[in-house]
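Data block below; observations after.
The values are calculated or read from the model by the stated rules, or taken from the named source; none is laboratory data. Being a predicted model, the structure only gives us computed values, none of them experimental. Counting neighbours? That spans all protein chains shown, and the Cβs are built from the backbone with ideal geometry, glycine included. Note: accessible area is taken over every heavy atom of the protein model, side chains too, but ligands, DNA and RNA are not part of it. Shrake-Rupley method; radii C 1.70, N 1.55, O 1.52, S 1.80 Å.
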Amino acid sequence: MIAEDLKVEREDSPGHGRYVIHLPGGQEAEMTFRKIGDGLIAIDHTYTPPEFRGNNIAFLLMERAVADAAREGVKVKPECSYAVVQFRRHKEWADLLA
């Protein structure tokens, strides 16, 4: 599986949303967020089905969330362990941290 060929979709609802990649077999990888203030989201959950891990799928979700936040002027509070680690690794995202 080539992760770059996968499409990340964003779903927004009042108060929350998610980024999702639809995978073979009807499975999904997702990153969920809560809208916790004006111009502020908290990334609170990231999940990739075990059989698809190791393919950079979660990172594709993270990249899209970061790109959207930068474009929309939104700050990010990473809460799930994956988001926390990625923000530590990518110092270039520091200006987006809440």
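Lys/Arg Cβ at +1, Asp/Glu Cβ at -1, dipole of the chain taken about the Cα centre: which of Ala69, Val85, Ile57 is farthest positive-ward?
Farthest along the dipole direction, towards plus: Val85.
Compute the angle between helix 57-72 and the longest alpha-carbon principal axis of the chain, please, reported from 0 to 90 degrees and rounded to the nearest 10.
Tilt relative to the chain: about 30 degrees.
Keeping all protein chains in position, work out how much accessible area Leu23 exposes to a 1.4 Å probe, and write it in Å² to the nearest 10.
Looks like 10 Å² after rounding.
Contact order normalised by length for segment 1-51, with contacts defined as Cα pairs under 8 Å and 6 or more residues apart; what percent is it?
25
Given R₀ = 25 Å, what would the calculated FRET efficiency be for Ser81 paired with Glu51, taking r from the Cβ atoms and rounding to 0.05?
0.75
Can you work out ³J(HN,Hα) from phi for every residue in segment 28-35, in order, using Karplus 6.51 cos²θ - 1.76 cosθ + 1.60 and θ = phi - 60°, giving whole Hz and x for Gly and Pro?
Per residue, the Karplus-derived 3J(HN,Hα) values read 9, 9, 8, 10, 9, 9, 10, 8 Hz.
Asp44 versus Arg89, label points 7 Å from Cα toward the beta carbon: distance in nm?
About 2.5 nm separates the two model spin labels.
When Lys and Arg each count +1 and Asp and Glu each count -1, what net charge do the other residues less than 14 Å away from His90, Cβ to Cβ, add up to?
Overall, the nearby charge balance is +1.
Within the set of other residues whose C-beta is less than 9 Å from the C-beta of His45, count the net charge using Lys and Arg as +1 and Asp and Glu as -1.
-2
About the Cα centre of the chain, what is the dipole size in debye to 20, counting +1 per Lys and Arg Cβ and -1 per Asp and Glu Cβ, all else neutral?
So the magnitude is around 320 debye.
What's the extension gain from Arg71 to Ser13 if we count 0.36 nm per residue and subtract their Cα-Cα distance?
Computed gain between Arg71 and Ser13 is 19.0 nm.
Among residues other than Ser81 whose Cβ falls under 11 Å from its Cβ, what is the net charge (Lys/Arg +1, Asp/Glu -1)?
Result for the local shell: -1.
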